[in-house]
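As C-alpha coordinates, the structure follows; a few thoughts come after it.
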Amino acid sequence: MGNGTENREQWGSRLGFIMAAAGSAVGLGNIWRFPYITGVNGGAAFVLVYFAIVFTIGISVMLAEFVIGRNAGLNAVGAFQKIKGGAWPVVGWMGVIAGFMILSFYGVIAGWTIAYMIKSVSGLMTLAAAGKAGDAFGAFVTNPVQVIAYQVVFMAITIWIVYKGVGEGIEKYCKIMMPALFVILLILIVRSVTLPGASKGLEFYLRPDFSKLTGASIFAALGQGFFSLSLGMGCMITYGSYLNKKEILPSAAVTVTFLDTMVAFLAGFAIFPAVFAFGIEPGAGPGLTFVTLPNVFAKMPGGMIFSFLFFLLLFFAALTSSVSLLEVCVAYFKDQMGWSRTKASWLLGGVITALGVPSAISLGGNLKIAGKDFLDVMDWGSSNFLLPLGGIFISLFVGWVWLDGAKAEATNEGKHPFSWMTAWIWICRVVAPVAIAWIFVKGLKW
Ligand code: PFF
(Lines give C-alpha, C1' and ligand atoms only; values in the text may rest on other atoms or scores of the structure.)
Protein backbone atom coordinates (compact mmCIF):
# COMPACT_ATOMS: atom_id res chain seq x y z
CA MET A 1 0.00 0.00 0.00
CA GLY A 2 1.55 3.30 -1.04
CA ASN A 3 1.17 6.17 1.39
CA GLY A 4 1.13 8.63 -1.48
CA THR A 5 3.08 11.41 0.18
CA GLU A 6 6.40 10.93 -1.61
CA ASN A 7 6.62 12.83 -4.88
CA ARG A 8 3.06 13.96 -4.45
CA GLU A 9 1.71 16.19 -7.16
CA GLN A 10 1.31 19.88 -6.24
CA TRP A 11 -0.47 22.93 -7.56
CA GLY A 12 1.85 25.08 -9.66
CA SER A 13 0.76 28.39 -8.15
CA ARG A 14 -1.56 29.97 -5.63
CA LEU A 15 -3.71 31.29 -8.46
CA GLY A 16 -3.93 27.82 -9.96
CA PHE A 17 -5.10 26.36 -6.67
CA ILE A 18 -7.68 29.12 -6.12
CA MET A 19 -9.05 28.64 -9.63
CA ALA A 20 -9.27 24.88 -9.12
CA ALA A 21 -10.97 25.16 -5.72
CA ALA A 22 -13.32 27.91 -6.91
CA GLY A 23 -13.91 25.80 -10.03
CA SER A 24 -15.00 22.92 -7.83
CA ALA A 25 -17.30 25.16 -5.84
CA VAL A 26 -18.82 27.10 -8.75
CA GLY A 27 -20.96 24.56 -10.54
CA LEU A 28 -24.43 23.66 -11.70
CA GLY A 29 -25.54 24.28 -8.11
CA ASN A 30 -24.73 27.98 -8.36
CA ILE A 31 -26.30 28.67 -11.68
CA TRP A 32 -29.50 26.80 -11.75
CA ARG A 33 -30.27 26.05 -8.11
CA PHE A 34 -29.28 29.10 -6.12
CA PRO A 35 -31.25 31.73 -8.06
CA TYR A 36 -34.36 29.60 -8.07
CA ILE A 37 -34.21 28.65 -4.38
CA THR A 38 -33.74 32.33 -3.60
CA GLY A 39 -36.68 33.43 -5.73
CA VAL A 40 -39.11 31.08 -4.00
CA ASN A 41 -37.79 31.39 -0.45
CA GLY A 42 -38.24 35.08 0.17
CA GLY A 43 -35.65 36.78 -2.06
CA ALA A 44 -33.26 39.05 -0.20
CA ALA A 45 -34.44 37.60 3.12
CA PHE A 46 -33.17 34.20 1.98
CA VAL A 47 -29.96 35.70 0.61
CA LEU A 48 -29.24 37.09 4.08
CA VAL A 49 -29.73 33.70 5.72
CA TYR A 50 -27.64 32.04 3.03
CA PHE A 51 -24.79 34.51 3.42
CA ALA A 52 -24.92 34.16 7.20
CA ILE A 53 -24.64 30.37 6.97
CA VAL A 54 -21.96 30.38 4.30
CA PHE A 55 -19.74 33.00 5.89
CA THR A 56 -19.81 31.37 9.33
CA ILE A 57 -20.28 27.62 8.98
CA GLY A 58 -19.33 27.21 5.31
CA ILE A 59 -16.09 29.12 5.45
CA SER A 60 -15.07 27.40 8.70
CA VAL A 61 -15.66 23.91 7.37
CA MET A 62 -13.75 24.82 4.22
CA LEU A 63 -10.77 25.98 6.27
CA ALA A 64 -11.02 22.81 8.36
CA GLU A 65 -10.85 20.72 5.18
CA PHE A 66 -7.85 22.63 3.80
CA VAL A 67 -6.06 22.24 7.12
CA ILE A 68 -6.67 18.49 7.34
CA GLY A 69 -5.71 17.95 3.69
CA ARG A 70 -2.53 19.96 3.69
CA ASN A 71 -1.34 18.57 6.99
CA ALA A 72 -1.72 14.96 5.91
CA GLY A 73 -0.88 15.39 2.23
CA LEU A 74 -3.33 12.60 1.51
CA ASN A 75 -6.81 11.84 0.18
CA ALA A 76 -9.90 12.11 2.43
CA VAL A 77 -9.65 8.59 3.90
CA GLY A 78 -5.86 8.54 4.21
CA ALA A 79 -5.81 11.97 5.85
CA PHE A 80 -8.03 10.89 8.77
CA GLN A 81 -6.13 7.64 9.04
CA LYS A 82 -2.76 9.38 9.21
CA ILE A 83 -3.78 12.13 11.63
CA LYS A 84 -5.90 10.14 14.05
CA GLY A 85 -6.95 6.69 12.88
CA GLY A 86 -9.67 4.86 14.83
CA ALA A 87 -13.10 5.24 13.28
CA TRP A 88 -12.29 8.62 11.72
CA PRO A 89 -11.44 7.33 8.25
CA VAL A 90 -15.16 6.46 7.99
CA VAL A 91 -15.76 10.20 7.46
CA GLY A 92 -13.44 10.04 4.46
CA TRP A 93 -15.20 6.93 3.26
CA MET A 94 -18.55 8.69 3.33
CA GLY A 95 -16.94 11.39 1.24
CA VAL A 96 -15.67 8.99 -1.39
CA ILE A 97 -19.14 7.40 -1.57
CA ALA A 98 -20.71 10.86 -1.91
CA GLY A 99 -18.25 11.55 -4.73
CA PHE A 100 -19.43 8.48 -6.62
CA MET A 101 -23.08 9.34 -6.01
CA ILE A 102 -22.90 13.03 -6.91
CA LEU A 103 -20.79 12.59 -10.00
CA SER A 104 -23.06 9.84 -11.30
CA PHE A 105 -26.04 12.18 -11.66
CA TYR A 106 -24.01 15.35 -12.14
CA GLY A 107 -22.51 13.86 -15.30
CA VAL A 108 -26.01 13.24 -16.67
CA ILE A 109 -27.15 16.84 -16.24
CA ALA A 110 -23.79 18.17 -17.39
CA GLY A 111 -24.24 16.12 -20.56
CA TRP A 112 -27.43 18.08 -21.24
CA THR A 113 -25.37 21.28 -21.32
CA ILE A 114 -23.34 19.91 -24.24
CA ALA A 115 -26.52 18.87 -26.02
CA TYR A 116 -27.99 22.32 -25.47
CA MET A 117 -24.89 24.12 -26.75
CA ILE A 118 -25.34 22.19 -29.99
CA LYS A 119 -29.12 22.65 -30.02
CA SER A 120 -28.73 26.40 -29.43
CA VAL A 121 -27.11 26.79 -32.82
CA SER A 122 -29.16 24.16 -34.61
CA GLY A 123 -32.83 24.93 -34.35
CA LEU A 124 -33.63 25.34 -30.65
CA MET A 125 -34.46 29.01 -31.14
CA THR A 126 -36.95 28.21 -33.89
CA LEU A 127 -38.59 25.52 -31.78
CA ALA A 128 -38.77 27.84 -28.78
CA ALA A 129 -40.23 30.64 -30.87
CA ALA A 130 -42.97 28.21 -31.91
CA GLY A 131 -43.66 27.47 -28.22
CA LYS A 132 -42.14 23.99 -28.39
CA ALA A 133 -39.15 24.32 -26.03
CA GLY A 134 -40.95 22.34 -23.33
CA ASP A 135 -41.88 19.50 -25.68
CA ALA A 136 -38.36 19.44 -27.09
CA PHE A 137 -36.86 19.17 -23.60
CA GLY A 138 -39.34 16.44 -22.66
CA ALA A 139 -38.52 14.49 -25.81
CA PHE A 140 -34.80 14.90 -25.18
CA VAL A 141 -34.63 13.79 -21.55
CA THR A 142 -36.92 10.82 -22.08
CA ASN A 143 -34.69 9.50 -24.84
CA PRO A 144 -32.12 7.46 -22.89
CA VAL A 145 -29.87 6.83 -25.89
CA GLN A 146 -29.25 10.54 -26.42
CA VAL A 147 -29.00 11.39 -22.74
CA ILE A 148 -26.51 8.58 -22.11
CA ALA A 149 -24.48 9.48 -25.21
CA TYR A 150 -24.00 13.07 -23.99
CA GLN A 151 -23.29 11.86 -20.47
CA VAL A 152 -20.56 9.58 -21.82
CA VAL A 153 -19.02 12.45 -23.80
CA PHE A 154 -19.04 14.71 -20.75
CA MET A 155 -17.57 12.00 -18.51
CA ALA A 156 -14.86 11.24 -21.07
CA ILE A 157 -13.74 14.89 -20.99
CA THR A 158 -13.81 14.86 -17.16
CA ILE A 159 -11.79 11.65 -17.02
CA TRP A 160 -9.26 12.93 -19.53
CA ILE A 161 -8.59 16.10 -17.51
CA VAL A 162 -8.18 14.14 -14.26
CA TYR A 163 -5.96 11.59 -16.02
CA LYS A 164 -3.67 14.46 -17.14
CA GLY A 165 -2.99 15.17 -13.46
CA VAL A 166 -3.27 17.90 -10.88
CA GLY A 167 -1.07 20.54 -12.52
CA GLU A 168 -1.23 19.55 -16.20
CA GLY A 169 -4.92 18.70 -16.10
CA ILE A 170 -7.12 20.16 -13.36
CA GLU A 171 -5.15 23.34 -12.71
CA LYS A 172 -4.36 24.10 -16.33
CA TYR A 173 -7.95 23.83 -17.53
CA CYS A 174 -9.51 25.54 -14.51
CA LYS A 175 -7.20 28.50 -15.13
CA ILE A 176 -8.74 28.82 -18.59
CA MET A 177 -12.35 27.95 -17.85
CA MET A 178 -12.90 29.98 -14.68
CA PRO A 179 -11.99 33.41 -16.10
CA ALA A 180 -13.95 32.53 -19.25
CA LEU A 181 -16.95 31.62 -17.11
CA PHE A 182 -16.77 34.94 -15.35
CA VAL A 183 -16.61 36.94 -18.57
CA ILE A 184 -19.57 35.05 -20.05
CA LEU A 185 -21.56 35.63 -16.87
CA LEU A 186 -20.90 39.37 -17.05
CA ILE A 187 -21.97 39.51 -20.70
CA LEU A 188 -25.22 37.71 -19.86
CA ILE A 189 -25.89 39.97 -16.88
CA VAL A 190 -25.42 43.13 -18.91
CA ARG A 191 -27.76 41.76 -21.59
CA SER A 192 -30.36 40.73 -19.05
CA VAL A 193 -30.53 43.82 -16.85
CA THR A 194 -30.60 46.24 -19.79
CA LEU A 195 -33.78 44.72 -21.25
CA PRO A 196 -36.88 46.89 -20.86
CA GLY A 197 -38.94 45.58 -17.94
CA ALA A 198 -35.96 43.90 -16.28
CA SER A 199 -36.79 45.37 -12.89
CA LYS A 200 -39.74 43.02 -12.38
CA GLY A 201 -37.28 40.14 -12.43
CA LEU A 202 -35.12 41.81 -9.84
CA GLU A 203 -38.20 42.20 -7.74
CA PHE A 204 -39.02 38.49 -7.96
CA TYR A 205 -35.42 37.56 -7.22
CA LEU A 206 -34.65 39.88 -4.36
CA ARG A 207 -37.70 41.55 -2.81
CA PRO A 208 -37.41 40.56 0.85
CA ASP A 209 -40.35 38.54 2.06
CA PHE A 210 -39.69 37.22 5.53
CA SER A 211 -42.99 35.32 5.58
CA LYS A 212 -41.58 32.90 3.01
CA LEU A 213 -38.56 32.21 5.16
CA THR A 214 -39.61 29.02 6.90
CA GLY A 215 -37.62 26.37 8.73
CA ALA A 216 -37.57 24.49 5.45
CA SER A 217 -35.87 27.40 3.74
CA ILE A 218 -33.13 27.43 6.35
CA PHE A 219 -32.59 23.74 5.71
CA ALA A 220 -32.49 24.49 1.98
CA ALA A 221 -29.89 27.22 2.58
CA LEU A 222 -27.68 24.83 4.51
CA GLY A 223 -27.92 21.98 1.99
CA GLN A 224 -27.33 24.40 -0.85
CA GLY A 225 -24.38 25.99 0.98
CA PHE A 226 -22.64 22.65 1.51
CA PHE A 227 -23.27 21.48 -2.02
CA SER A 228 -22.27 24.80 -3.53
CA LEU A 229 -19.02 25.10 -1.60
CA SER A 230 -18.17 21.42 -2.27
CA LEU A 231 -18.00 20.74 1.47
CA GLY A 232 -18.49 17.75 3.70
CA MET A 233 -17.12 15.10 1.35
CA GLY A 234 -13.39 15.62 1.45
CA CYS A 235 -13.13 17.47 -1.82
CA MET A 236 -11.35 20.39 -0.19
CA ILE A 237 -9.27 17.92 1.85
CA THR A 238 -8.10 16.39 -1.41
CA TYR A 239 -7.41 19.75 -3.07
CA GLY A 240 -5.71 20.98 0.12
CA SER A 241 -3.43 17.96 0.05
CA TYR A 242 -1.75 19.30 -3.11
CA LEU A 243 -0.86 22.63 -1.44
CA ASN A 244 2.61 23.59 -0.38
CA LYS A 245 3.37 24.45 3.23
CA LYS A 246 3.81 28.16 2.57
CA GLU A 247 0.30 28.86 1.34
CA ILE A 248 -1.86 30.85 3.74
CA LEU A 249 -4.98 28.77 4.29
CA PRO A 250 -7.47 31.15 5.98
CA SER A 251 -7.23 33.69 3.17
CA ALA A 252 -7.62 30.90 0.59
CA ALA A 253 -10.84 29.77 2.32
CA VAL A 254 -12.15 33.36 2.32
CA THR A 255 -11.35 33.86 -1.38
CA VAL A 256 -12.94 30.60 -2.53
CA THR A 257 -16.09 31.11 -0.42
CA PHE A 258 -16.40 34.67 -1.66
CA LEU A 259 -15.98 33.74 -5.34
CA ASP A 260 -18.50 30.93 -5.10
CA THR A 261 -21.10 33.03 -3.33
CA MET A 262 -20.62 35.93 -5.72
CA VAL A 263 -21.16 33.75 -8.80
CA ALA A 264 -24.31 32.22 -7.27
CA PHE A 265 -25.69 35.64 -6.41
CA LEU A 266 -24.81 37.12 -9.80
CA ALA A 267 -26.35 34.21 -11.71
CA GLY A 268 -29.77 35.45 -10.58
CA PHE A 269 -29.08 38.76 -12.30
CA ALA A 270 -28.40 36.99 -15.57
CA ILE A 271 -31.59 34.93 -15.34
CA PHE A 272 -34.60 36.64 -13.73
CA PRO A 273 -34.52 40.12 -15.31
CA ALA A 274 -34.56 38.50 -18.76
CA VAL A 275 -37.30 36.02 -17.82
CA PHE A 276 -39.59 38.74 -16.49
CA ALA A 277 -38.75 41.26 -19.19
CA PHE A 278 -40.47 38.92 -21.64
CA GLY A 279 -43.35 38.18 -19.31
CA ILE A 280 -42.45 34.49 -18.96
CA GLU A 281 -43.25 32.51 -15.81
CA PRO A 282 -40.04 31.20 -14.26
CA GLY A 283 -40.00 27.40 -14.12
CA ALA A 284 -38.35 25.36 -11.40
CA GLY A 285 -34.98 23.60 -11.47
CA PRO A 286 -34.20 21.98 -14.82
CA GLY A 287 -37.34 23.51 -16.34
CA LEU A 288 -36.03 26.99 -15.63
CA THR A 289 -32.73 26.28 -17.33
CA PHE A 290 -33.75 24.14 -20.27
CA VAL A 291 -37.24 25.40 -21.05
CA THR A 292 -37.78 28.90 -19.67
CA LEU A 293 -34.42 30.24 -20.78
CA PRO A 294 -34.58 29.00 -24.40
CA ASN A 295 -37.98 30.72 -24.56
CA VAL A 296 -36.37 33.89 -23.29
CA PHE A 297 -33.41 33.69 -25.68
CA ALA A 298 -35.73 33.07 -28.63
CA LYS A 299 -37.29 36.46 -28.00
CA MET A 300 -33.99 38.34 -27.87
CA PRO A 301 -32.15 39.77 -30.82
CA GLY A 302 -29.06 37.59 -31.23
CA GLY A 303 -30.69 35.01 -28.96
CA MET A 304 -28.86 32.11 -30.57
CA ILE A 305 -25.53 33.51 -29.43
CA PHE A 306 -26.73 34.25 -25.91
CA SER A 307 -28.24 30.79 -25.66
CA PHE A 308 -24.99 29.18 -26.79
CA LEU A 309 -22.99 31.31 -24.34
CA PHE A 310 -25.31 30.43 -21.49
CA PHE A 311 -24.94 26.68 -22.04
CA LEU A 312 -21.19 27.09 -22.49
CA LEU A 313 -21.14 28.82 -19.12
CA LEU A 314 -23.02 25.92 -17.56
CA PHE A 315 -20.68 23.45 -19.25
CA PHE A 316 -17.55 25.15 -17.86
CA ALA A 317 -19.15 25.39 -14.43
CA ALA A 318 -20.05 21.70 -14.49
CA LEU A 319 -16.70 20.51 -15.82
CA THR A 320 -14.54 22.30 -13.25
CA SER A 321 -16.75 20.71 -10.55
CA SER A 322 -16.93 17.22 -12.02
CA VAL A 323 -13.13 16.94 -12.17
CA SER A 324 -12.99 17.64 -8.43
CA LEU A 325 -15.60 14.98 -7.70
CA LEU A 326 -13.63 12.43 -9.68
CA GLU A 327 -10.35 13.54 -8.10
CA VAL A 328 -11.71 12.70 -4.61
CA CYS A 329 -12.20 9.10 -5.74
CA VAL A 330 -9.00 8.91 -7.81
CA ALA A 331 -6.84 10.28 -4.97
CA TYR A 332 -8.23 7.64 -2.63
CA PHE A 333 -7.49 4.71 -4.94
CA LYS A 334 -4.11 6.19 -5.85
CA ASP A 335 -2.89 6.87 -2.31
CA GLN A 336 -4.46 3.97 -0.46
CA MET A 337 -4.51 1.22 -3.06
CA GLY A 338 -1.41 2.20 -4.97
CA TRP A 339 -3.26 2.48 -8.29
CA SER A 340 -1.74 4.60 -11.05
CA ARG A 341 -3.49 7.84 -11.96
CA THR A 342 -4.25 6.42 -15.40
CA LYS A 343 -5.90 3.29 -14.05
CA ALA A 344 -7.80 5.14 -11.32
CA SER A 345 -9.13 7.85 -13.64
CA TRP A 346 -10.38 5.62 -16.42
CA LEU A 347 -11.61 2.75 -14.30
CA LEU A 348 -13.38 4.81 -11.64
CA GLY A 349 -14.65 7.27 -14.23
CA GLY A 350 -16.08 4.31 -16.15
CA VAL A 351 -17.77 2.88 -13.06
CA ILE A 352 -19.27 6.26 -12.18
CA THR A 353 -20.55 6.71 -15.72
CA ALA A 354 -22.23 3.31 -15.46
CA LEU A 355 -23.71 4.29 -12.09
CA GLY A 356 -25.19 7.35 -13.77
CA VAL A 357 -27.16 5.26 -16.24
CA PRO A 358 -30.08 4.63 -13.83
CA SER A 359 -30.26 8.40 -13.24
CA ALA A 360 -30.24 8.99 -16.98
CA ILE A 361 -32.99 6.44 -17.51
CA SER A 362 -35.06 7.63 -14.56
CA LEU A 363 -35.86 10.80 -16.46
CA GLY A 364 -38.01 8.71 -18.73
CA GLY A 365 -40.19 8.40 -15.64
CA ASN A 366 -39.84 4.64 -15.10
CA LEU A 367 -37.26 4.39 -12.38
CA LYS A 368 -38.60 5.70 -9.13
CA ILE A 369 -37.71 5.11 -5.50
CA ALA A 370 -40.53 6.01 -3.09
CA GLY A 371 -42.18 8.10 -5.77
CA LYS A 372 -39.10 10.13 -6.61
CA ASP A 373 -36.92 9.93 -9.71
CA PHE A 374 -33.72 8.00 -9.13
CA LEU A 375 -31.77 11.15 -10.00
CA ASP A 376 -33.57 13.16 -7.32
CA VAL A 377 -32.92 10.44 -4.76
CA MET A 378 -29.17 10.54 -5.44
CA ASP A 379 -29.20 14.33 -5.30
CA TRP A 380 -31.27 14.48 -2.12
CA GLY A 381 -29.33 11.73 -0.35
CA SER A 382 -25.97 13.26 -1.06
CA SER A 383 -26.60 16.97 -0.60
CA ASN A 384 -29.04 16.83 2.29
CA PHE A 385 -27.63 13.82 4.07
CA LEU A 386 -24.02 12.80 3.41
CA LEU A 387 -22.58 16.30 3.03
CA PRO A 388 -24.04 17.87 6.20
CA LEU A 389 -23.16 14.72 8.16
CA GLY A 390 -19.61 14.91 6.85
CA GLY A 391 -19.56 18.60 7.81
CA ILE A 392 -20.49 17.79 11.41
CA PHE A 393 -17.67 15.27 11.79
CA ILE A 394 -15.06 17.42 10.05
CA SER A 395 -15.89 20.33 12.40
CA LEU A 396 -15.80 18.14 15.50
CA PHE A 397 -12.51 16.62 14.41
CA VAL A 398 -10.82 19.99 14.10
CA GLY A 399 -12.55 21.60 17.09
CA TRP A 400 -12.04 18.83 19.65
CA VAL A 401 -10.00 15.89 18.49
CA TRP A 402 -7.03 17.48 16.75
CA LEU A 403 -7.13 21.05 17.99
CA ASP A 404 -3.44 21.81 18.47
CA GLY A 405 -2.45 20.25 15.19
CA ALA A 406 -5.19 22.13 13.35
CA LYS A 407 -4.16 25.45 14.92
CA ALA A 408 -0.54 24.90 13.97
CA GLU A 409 -1.45 23.98 10.39
CA ALA A 410 -3.84 26.93 9.98
CA THR A 411 -1.13 29.39 11.03
CA ASN A 412 1.76 27.70 9.18
CA GLU A 413 3.28 26.65 12.52
CA GLY A 414 2.63 30.05 14.07
CA LYS A 415 4.33 31.98 11.28
CA HIS A 416 1.07 33.54 10.10
CA PRO A 417 -1.14 34.26 13.09
CA PHE A 418 -4.77 34.32 12.13
CA SER A 419 -6.93 36.87 13.88
CA TRP A 420 -10.18 34.90 13.64
CA MET A 421 -8.69 31.81 15.27
CA THR A 422 -10.94 31.87 18.33
CA ALA A 423 -14.04 32.37 16.20
CA TRP A 424 -13.01 29.57 13.85
CA ILE A 425 -12.35 27.14 16.69
CA TRP A 426 -15.69 27.83 18.39
CA ILE A 427 -17.59 27.59 15.16
CA CYS A 428 -15.97 24.19 14.59
CA ARG A 429 -16.48 23.10 18.20
CA VAL A 430 -20.05 24.14 18.79
CA VAL A 431 -21.76 26.42 16.30
CA ALA A 432 -21.33 24.33 13.15
CA PRO A 433 -22.08 20.88 14.61
CA VAL A 434 -25.07 22.09 16.63
CA ALA A 435 -26.50 24.20 13.81
CA ILE A 436 -26.05 21.47 11.22
CA ALA A 437 -27.45 18.79 13.53
CA TRP A 438 -30.42 20.93 14.52
CA ILE A 439 -31.33 21.98 11.02
CA PHE A 440 -30.73 18.44 9.83
CA VAL A 441 -33.02 16.74 12.35
CA LYS A 442 -35.73 19.32 11.75
CA GLY A 443 -35.22 19.13 8.02
CA LEU A 444 -35.68 15.39 7.88
CA LYS A 445 -39.05 15.75 9.61
CA TRP A 446 -40.45 18.50 7.40
N1 PFF B 1 -20.05 22.65 -5.87
C2 PFF B 1 -20.63 22.01 -7.03
C3 PFF B 1 -21.83 22.81 -7.49
O4 PFF B 1 -22.22 23.80 -6.86
O5 PFF B 1 -22.42 22.46 -8.51
C6 PFF B 1 -20.98 20.57 -6.81
C7 PFF B 1 -19.97 19.78 -6.03
C8 PFF B 1 -18.68 19.64 -6.51
C9 PFF B 1 -20.31 19.24 -4.81
C10 PFF B 1 -17.73 18.95 -5.76
C11 PFF B 1 -19.39 18.54 -4.06
C12 PFF B 1 -18.09 18.43 -4.54
F13 PFF B 1 -17.20 17.79 -3.84
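The values are calculated or read from the model by the stated rules, or taken from the named source; none is laboratory data. All values reported here derive from a predicted model rather than from experimental measurement. Neighbour counts run over all protein chains shown; Cβ positions are idealised from the backbone, glycine included.
From the list Ile57, Ile18, exactly one residue is within 16 Å of the ligand (Cβ to nearest atom), surrounded by 24 or more Cβ atoms within 10 Å (Cβ to Cβ) and not small (Gly, Ala, Ser). Which is it?
Values: Ile18 fails: surrounded by 24 or more Cβ atoms within 10 Å (Cβ to Cβ).
Answer to the check: Ile57.
Report yes if Asp379 is acidic (Asp, Glu), crowded, with 17+ Cβ neighbours inside 10 Å and at pLDDT 95 or above, otherwise no.
Details: acidic (Asp, Glu): yes; crowded, with 17+ Cβ neighbours inside 10 Å: yes; at pLDDT 95 or above: no.
No.
Taking the stated definitions as given, is Lys299 basic (Lys, Arg) and either within 15 Å of the ligand (Cβ to nearest atom) or surrounded by 22 or more Cβ atoms within 10 Å (Cβ to Cβ) (or both)?
No; evaluated as a whole, the condition is false for this residue.
State whether the residues of segment 245-253 include one that is surrounded by fewer than 24 Cβ atoms within 10 Å (Cβ to Cβ) and under 19 Å from the mean Cα position of the chain (by Cα).
Yes: segment 245-253 contains one or more residues that are surrounded by fewer than 24 Cβ atoms within 10 Å (Cβ to Cβ) and under 19 Å from the mean Cα position of the chain (by Cα).
Can you name the residue in segment 114-127 that is assigned to a helix (DSSP H, G or I) and touching a Ser or Thr at 6+ places or on another chain (Cβ under 9 Å) and is also farthest from the ligand (Cβ to nearest atom) among such residues?
Filtering first and then ranking leaves Met125.
Return the total of residues in segment 70-113 being within 13 Å of the ligand (Cβ to nearest atom), in contact with a Ser or Thr (Cβ under 8 Å, 6 or more places away or on another chain) and not polar (S, T, N, Q).
Going through segment 70-113 one residue at a time, the tally reaches 9.
So which residues in segment 219-246 are touching a helix residue (DSSP H, G or I) at 6+ places or on another chain (Cβ under 6 Å), away from the ligand (no atom under 13 Å from the Cβ) and either modelled with pLDDT of 95 or more or not small (Gly, Ala, Ser) (or both), if there are any at all?
Within segment 219-246, Phe219, Leu222, Ser241, Tyr242, Leu243 meet the criteria.
Residues in segment 196-231 that are touching a Pro at 6+ places or on another chain (Cβ under 8 Å) and surrounded by 17 or more Cβ atoms within 10 Å (Cβ to Cβ): how many?
Matching residues across segment 196-231 total 8.
Could you identify the single residue in Tyr173, Tyr106, Tyr150, Tyr163 that is crowded, with 16+ Cβ neighbours inside 10 Å, free of Cβ contacts under 8 Å to residues at least 60 places away in the same chain and of a type in the set (Ser, Thr, Tyr)?
Tyr150 is the lone residue from the list that is crowded, with 16+ Cβ neighbours inside 10 Å, free of Cβ contacts under 8 Å to residues at least 60 places away in the same chain and of a type in the set (Ser, Thr, Tyr).
Name the pairs whose Cβ atoms lie under 7 Å apart, with the first residue in segment 209-233 and under 18 Å from Thr261 (Cβ atoms), the second within 16 Å of the ligand (Cβ to nearest atom) and outside any helix (DSSP H, G or I), and 6 or more positions between them or separate chains?
Here the result reads Phe226/Gly232, each pair linking segment 209-233 to a residue that is within 16 Å of the ligand (Cβ to nearest atom) and outside any helix (DSSP H, G or I).
Test each condition in (1) crowded, with 22+ Cβ neighbours inside 10 Å; (2) away from the ligand (no atom under 13 Å from the Cβ) for Ser24 and report the one that comes out false.
Looking at each condition in turn, Ser24 falls short on (2).
Hey, any hits in segment 60-71 for a residue that's among the aliphatic types (A, V, I, L, M) and not in a helix (DSSP H, G or I)? If you could, list the steps in order and put the result at the bottom.
Step one: filter segment 60-71 for residues among the aliphatic types (A, V, I, L, M), giving 61-64, 67-68.
The next check asks that each one be not in a helix (DSSP H, G or I); those that pass are none.
No, there is no match, as no residue in segment 60-71 is among the aliphatic types (A, V, I, L, M) and not in a helix (DSSP H, G or I).
Being buried (at least 22 other Cβ atoms within 10 Å of the Cβ) and away from the ligand (no atom under 16 Å from the Cβ): is that true of Ser362 here? If you could, list the steps in order and put the result at the bottom.
Numbers: buried (at least 22 other Cβ atoms within 10 Å of the Cβ): yes; away from the ligand (no atom under 16 Å from the Cβ): yes.
The answer is yes for Ser362.
Can you report the number of residues in segment 323-358 which are in contact with a helix residue (DSSP H, G or I) (Cβ under 7 Å, 6 or more places away or on another chain) and outside any helix (DSSP H, G or I)?
Initially, segment 323-358 is screened for residues in contact with a helix residue (DSSP H, G or I) (Cβ under 7 Å, 6 or more places away or on another chain), giving 323-336, 339, 341-342, 344-346, 348-349, 352-353, 355-358.
When the remaining residues are screened for being outside any helix (DSSP H, G or I), the result is 339.
Of the residues in segment 323-358, 1 are in contact with a helix residue (DSSP H, G or I) (Cβ under 7 Å, 6 or more places away or on another chain) and outside any helix (DSSP H, G or I).
Where residues in segment 27-50 are part of a helix (DSSP H, G or I), more than 16 Å from the ligand (Cβ to nearest atom) and of a type outside the set (A, V, I, L, M), which of them is surrounded by the fewest Cβ atoms within 10 Å (Cβ to Cβ)? Break it down stepwise before answering.
Going through segment 27-50, the residues part of a helix (DSSP H, G or I) turn out to be 28-40, 44-50.
Now drop any that are not more than 16 Å from the ligand (Cβ to nearest atom), which leaves 39-40, 44-49.
Subset that is of a type outside the set (A, V, I, L, M): 39, 46.
Working: Gly39: 23, Phe46: 26.
Step by step, filter segment 27-50, then rank; the result is Gly39.
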